[in-house]
Every structure is written in structure tokens, then in C-alpha cells.
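Peer 1: My structure is below; once you've seen it, I'll send some questions.
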Amino acid sequence: RKGPRAARAPRHASLDAAIDWSWQLLSPQDQRCLAALSVFREGLRADAAGAVWGQPDAHDVLARLVADSLLRSELGPDGGMRFHLFDMVREFVAERLDAAERLGLRARQRDWCLHFARAHATMLPLAEVPNLHEALRSALEDGQPLQALALALAAESHWERRGVPPEVRTLWLAALDDVRGSAPENDAGDAPEVHAARCLFARRLYEAGDAATAVVLADEAVAAAGTNARLLAPALAVQLRLRWKSRPRGDEGMTDALRRALAYTDAGDNPHIRAELLNLLGEVMVLGRHDADGALPFYDQALALFESLGETRQAWDVRMGQGICAQVQRRFDDAVAMHTAVAQAAARLDDQLLLIDAYNNLGVVCNHARRWEEAVQHGRTQLRLATRQYSRYMQVMALWNLARPLARSRQPELAATA
């Protein structure tokens, strides 16, 4: 045998021989099913196997492959059965696919991932995340950058709740670059996925610490939208959010800019974006102008809209703003109670980024209330969670929040390093 497998150690050679023997005993049908599984990573469901294999019911074949020790099975988090292809079996099978077969299987795996992510837009099961990452990679490798953007957009809620790993951010930007490169030939740069992706990526890259790229993407989205209100409103919501996060001291024309952006949503055809803009306007009023009384009506409108849309996560984000109002009004006990409620809701929703934000605000309130030990506890929790979820912005905020209470708690050395 030639190729990279030929030089393997004797133990690997014997395993190859055992796999080859098992492969030869399989029926052509079972071989085709096993080949379909080779494009997945870290497990799959029976319906995913059937979709990529091209047969509606794969249960019997999967059971035979488990019995032949070519697959292993286990109960997934949802109580359903998941199947895992052993790494050496995956590599063995992949070598037996020609280029056309592999491209076809990868395309069907991406189609399944896209359908599944859209069907689970509110809460993508974590067990399927590795398969989503694999689909993003294969879309780029197979010259399908628009499909990579569609996959990223379908899992928007997942990225918002869990953060975006560095390798996924790299894939996102590569997909946008590929689209830009192909735009002169097929106008792909004007596709709806491109506009929505710029907005999504700008939000998440800023959160991850890549502010420069995030601002470029937001500006591109605004410029590309032109005077199209349907496209311009969401682009402005992102651009103004990043502008505010970069300079959260003073109004600096933000309220006027937000009111102009809100005018693009007056027709009522984009209530989600209107609610986002109202929420941000409340934040600018309370933090930029220290006008909690003026902020509360905007928060109330945003909360009513999000609740009418059934957007629970966003509604709790607004309640966090109302907690900030209580803090500015020096109602510290009320503020702590409100942010604690947000943290509890975020934990129930398994929304890690909302949880980080809640602990950030708990740390700020406890700092103002001179509850130093509590402030240290909340700051450390925020730092741990932000580090785990790739949120560079919130890591920096946690260190900023920790410096004062550590010093007040007679831990000056730690305060200096924070």
C-alpha cells in the first residue's frame, strides 16, 4: 500500500487490516452508509445519517455497524441515540471516496446542518456544534462561502449565548473575503446573507476583542444599505452600538443619531430592530446623561416589544438596563435584586454572555455600594466566565471592576495586577 498509511507502525497496520477485513464483509448498502458518516465530527443522530446517506431510515444499518464495532453508540443529552465513528475508521473510509463522492456527501452534510440549525434557532443543542463547525470548514474548502454565511446566520442565537471560538471567527472572515473576491462576477456581495453576516460578525467580533474589524464590518453594512430602510435600520443598530461601546462616556450625539435610526423603523416592519434601538437609547440616557428617569420610558417600550415578540433573552437584557437605572438612582438593594434576577434567568436559559453581563453589573453596583467582598466575588465570576466564552471585552471589564474592591479589601498586590 502506498501513501501516508503505508509507513504506519505495525500496530496501526494490524488495525488497518482489521478495518479492511470488516469493510470487505459489509454489503454495498452498509458501505455507502458508513461512507456518509465520515463527513461528520464527534457524533451524529440517526436522522443526520439518513439525510446524508440519502435514505429516510438508517436505524437498521447503524445497528449493524455498531454490532460490527465500526461505530459506537451512546445516549445523547436529549435522551436520543448518538453514533460515533472511530477516528481510524473515518480515515480509512475517507480514503475510499473519490473527489466527487466526497463533495456530494459534504454538501448534503451542510444542507442537513443548515436545516437543523434553522429548526433549532432558539437553542442549538451543544452536541451538534462540532458538526456545525465542520460544515463551516467544508463550505469554505468546497468554494461555497455564501453557504458558510448562511450556516453562521442560522446559528445566530447560539453565538449570542455561547460566544464565538477563535477558529470560527477565522472561518467567518474567510467566507466574507471569498464573497468579496467573487462579487464582481456574480454580485454575491449584494446577497442578503452578506448584509446580515456583516451585522452579526460586527457584534460578535467586537465582543471577542477585535474592535477594529468589527467597526469596519459595521461601516460596510451601513454603506451597502444605502437608503434602503429595511437594511439600514439593522446596520445602524450595530454601528451605533459599537460606537457607544467604544466611547461610553457622555452622549456625544448618540441620542440624536439613535432617534434618526428609529425613524427607519416607524413603519413597524422591523419591531426587533426598533426594540434594540430603544434599548440602546435607554442605555445612552442612563449612562451617557445619567438620566435614569428619562431612560426608563425607552426601556419600557423596548421591554414591551421584546415580550410581544417572545424574545425572552432580549427582554432580560432590557431588565438589566432597568437595574442600571436603579443603581444610578442609588437604589442599590433594588439594583442588586434586579441584576441577580437577570443572572438567574441567564443560568436557566444557559445564556453565558447574558450571565457575564449580569455579573458585570452586579460587580459595578457592589462597587458603588461599597460592598467590597461581594464586588470581588462577582468580578472573579465574570472574569472566569468571560475567559471561557472568548469575550475579551468582558475580560477587560472584569479586571477594571476588580481593581477597586481588591484594593479596598486590602489586597493591593492583586489590585495592581488587575
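The values are calculated or read from the model by the stated rules, or taken from the named source; none is laboratory data. These numbers were taken from a predicted model, which means no experiment stands behind them. Note: ideal-geometry Cβ built from the backbone for every residue, glycine included; neighbour counts use all protein chains shown. These accessible areas exclude ligands, DNA and RNA; they are computed on the full protein's heavy atoms, side chains included. Shrake-Rupley method; radii C 1.70, N 1.55, O 1.52, S 1.80 Å.
Peer 1: Give me the dipole magnitude in Debye, nearest 20, for the range 247-311 about the Cα centre, with unit charges on the beta carbon: positive for Lys and Arg, negative for Asp and Glu.
Peer 2: I would put it at about 220 debye.
Peer 1: Let me ask another. Got a number for carbon plus sulfur as a percent of the chain's accessible area, 1.4 Å probe?
Peer 2: 53
Peer 1: Let me ask you something else. Among (i) -0.72; (ii) -0.80; (iii) -0.89, which one is log10 I(q)/I(0) by the Debye sum over Cα atoms at q = 0.10 Å⁻¹ computed from these coordinates?
Peer 2: The value computed from this structure is option (ii).
Peer 1: Quick one: Karplus J couplings for the range 23-31, per residue in order, coefficients 6.51, -1.76, 1.60, θ = phi - 60°, nearest Hz, x for Gly and Pro?
Peer 2: 4, 5, 7, 6, 6, x, 4, 5, 5
Peer 1: Right, here's the next one. Please state the charge dipole magnitude for the chain, taken about the Cα centre, from unit charges on C-beta atoms (+1 on K and R, -1 on D and E), reported in debye and rounded to the nearest 20.
Peer 2: Dipole of the chain, to the nearest 20 debye: 1260 debye.
Peer 1: What are the residues whose amide H is under 5 Å from the amide H of E252, where those residues sit 5 or more places off or on another chain and H is modelled from the backbone?
Peer 2: Correct list: empty.
Peer 1: Kindly write out, for the range 47-53 in residue order, the coupling ³J(HN,Hα) from the Karplus curve 6.51 cos²θ - 1.76 cosθ + 1.60 (θ = phi - 60°), rounded to whole Hz, with x marking Gly and Pro.
Peer 2: So the J values, rounded to whole Hz, are 5, 5, 4, x, 5, 7, 5.
Peer 1: Say the dipole of the range 268-355 comes from +1 at the beta carbon of Lys and Arg and -1 at that of Asp and Glu; which of A292, Q329, T340 then lies farthest toward its positive end?
Peer 2: Of the listed residues, the answer is Q329.
Peer 1: Around M81, which amide H atoms from residues at least 5 apart in sequence, or from another chain, sit under 5 Å from its own amide H, with H modelled in the peptide plane?
Peer 2: The answer is G76.
Peer 1: Hey, what's the chain come to in accessible area per residue, 1.4 Å probe, Å²? The partial results should precede the final answer.
Peer 2: Working: 19490 Å² over 418 residues.
Computed with neighbouring chains in place, this is 47 Å² per residue.
Peer 1: Per DSSP H run of at least 4 residues, take -39500 (n - 2.57); add these up for the chain, divide by its residues and hand me the 222 nm value, nearest 500 deg cm²/dmol.
Peer 2: Computed ellipticity for the chain at 222 nm equals -23500 deg cm²/dmol.
Peer 1: Plugging the Kirkwood radius over Cα pairs into Stokes-Einstein for the range 1-152, at a temperature of 4 °C and a viscosity of 1.567 mPa s, what D comes out in µm²/s? Could the numbers behind the result be given before it?
Peer 2: Numbers: Rh = 16.2 Å.
D = 80 µm²/s.
Peer 1: Still on this model: For the range 274-418, restrict the atom set to alpha-carbon positions and state the Rg and Dmax in Å.
Peer 2: Gyration radius and largest Cα-Cα distance of the range 274-418: 15.1, 49 Å.
Peer 1: Once Lys and Arg get +1 and Asp and Glu get -1 on their Cβ, which of N361, A229, L124 lies farthest toward the positive end of the dipole of the chain?
Peer 2: With unit charges placed on the Cβ atoms, the residue in question is N361.
Peer 1: Could you go through the range 341-357 in sequence order and give the Karplus-derived ³J(HN,Hα) for each residue, using 6.51 cos²θ - 1.76 cosθ + 1.60 with θ = phi - 60°, rounded to whole Hz, and x for Gly and Pro?
Peer 2: 4, 5, 4, 5, 5, 4, 5, 5, 7, 6, 9, 5, 6, 5, 4, 4, 4
Peer 1: Please list, ordered by chain and number, the residues whose modelled amide H lies under 5 Å from the amide H of L71; skip anything fewer than 5 residues away on the same chain.
Peer 2: V66
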